[in-house]
1. Can you give the accessible area per residue of the stretch 118-263, in Å², using a 1.4 Å probe?
2. So between E209 and K176, what do we pick up on full extension, going 0.36 nm a residue minus the alpha carbon distance?
3. Find the relative contact order for the stretch 106-178 and round it to a whole percent, using C-alpha pairs within less than 8 Å whose residues are 6+ positions apart.
4. Give the long-range amide H neighbours of Y38: residues separated by 5 or more places, or on another chain, with amide H under 5 Å away, using H modelled in the peptide plane at 1.01 Å from N.
5. Relative contact order, percent, of the chain when contacts are C-alpha pairs under 8 Å separated by at least 6 residues?
6. Once you put a point 7 Å from the Cα of R259 and another 7 Å from the Cα of K152, both along the Cβ direction, what distance in nm separates them?
7. In the stretch 129-263, carbon and sulfur make up what percent of the accessible area (probe 1.4 Å)?
8. Which GluC sites (Glu not before Pro) in the stretch 175-263 sit in a loop by DSSP (not H, G, I, E or B) and have at most 14 other Cβ atoms within 10 Å of their own Cβ?
Amino acid sequence: MKIGLLTVGDIMVTNMLFYDSAREDACRKVCEKLFIDYLPAVDGQRNHELTESGFQPREITERYRLDIHHQILHPDMPDCFADNRNNVLFVYEGNVLRGVTHISDYNQNIVIQALQDDLLVFERNLRLWLRLNEFTNDSMVEFFCYKRDKSKDGSYNQRFWDEKYIRFSQKVRAMKELRPFQLFDFSDLLYLANSSFTEKIFSFPQLNEHDSKKDGVSVLRELRNMAMHGKDPVSRSNETGLFSLDSLRTFVREVNYLRIQHY
């Protein structure tokens, strides 16, 4: 899985700004502009924290360090950022400072592209798995009928599945011209594989999400929509305007769900 191999070395910023005592006013303006409280020293072992009385030298302790090979999907990553009020960490190779990383670095193209590639492989393999279990396009149309008939009369679900049944019942010729399951959406494949109709040949257990559980099909569908539409995994808080640690926690948890359950 490509995204599982990405490390902080792949997303870190290497073009760093360093503290310069001869240009302290400029350093202060940089901190204010970037909403940060400190700049690293050139030696890479200290940073200079901006206080009311000016910049104060501080040792860069282990709390603020990450190894360059640390995987971005490691479950401890959100907590590493949470321990630093600016959500910025220093990235080291051995004892040498190589860069810095911020939670917004998860929004880089390399992360989105890796997730897109992984989801594409997963979706194609799911189609293949359905075929290997001798399900066909006709099976999917029958599944829509099955779901419609199991739904409560007049309900949204009944109308939803009936619309799908009618629409794809009229696409017999198109389905014959393509390989099996090519016309169906990713969510259709997930629902079919996870249904009692197929005896759950590929099940998607619920994901523990904070104090509640989230449907596994919804997790994968939302991940795919986010990746394929190129949306940022880490969003800004409506309250503070800052990048949200909660959104990072959700992203790491849900991509690990994909990785652990299905790869």
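1. Numbers: 8560 Å² over 146 residues.
That works out to 59 Å² for each residue.
2. Working: separation 33, 0.36 × 33 = 11.88 nm, distance 4.10 nm.
Contour length minus the Cα-Cα distance gives 7.8 nm.
3. 21 percent.
4. L50
5. Working: 311 pairs, mean separation 45.4, N = 263.
In percent, rounded to a whole number, it is 17.
6. Label-label distance for R259 and K152, simple model: 4.0 nm.
7. Details: 3670 of 8040 Å².
Heavy-atom surface of the stretch 129-263 belonging to carbon and sulfur, 1.4 Å probe: 46 percent.
8. Sites meeting the loop and neighbour criteria: E177, E199, E239.
The values are calculated or read from the model by the stated rules, or taken from the named source; none is laboratory data. Remember, it's a predicted structure, so these values are computed and weren't measured experimentally. Every residue, glycine among them, receives a Cβ derived from its backbone with ideal geometry; neighbour counts consider all protein chains shown. Heavy atoms of the whole protein, side chains included, go into the accessibility calculation; ligands, DNA and RNA do not. Shrake-Rupley method; radii C 1.70, N 1.55, O 1.52, S 1.80 Å.
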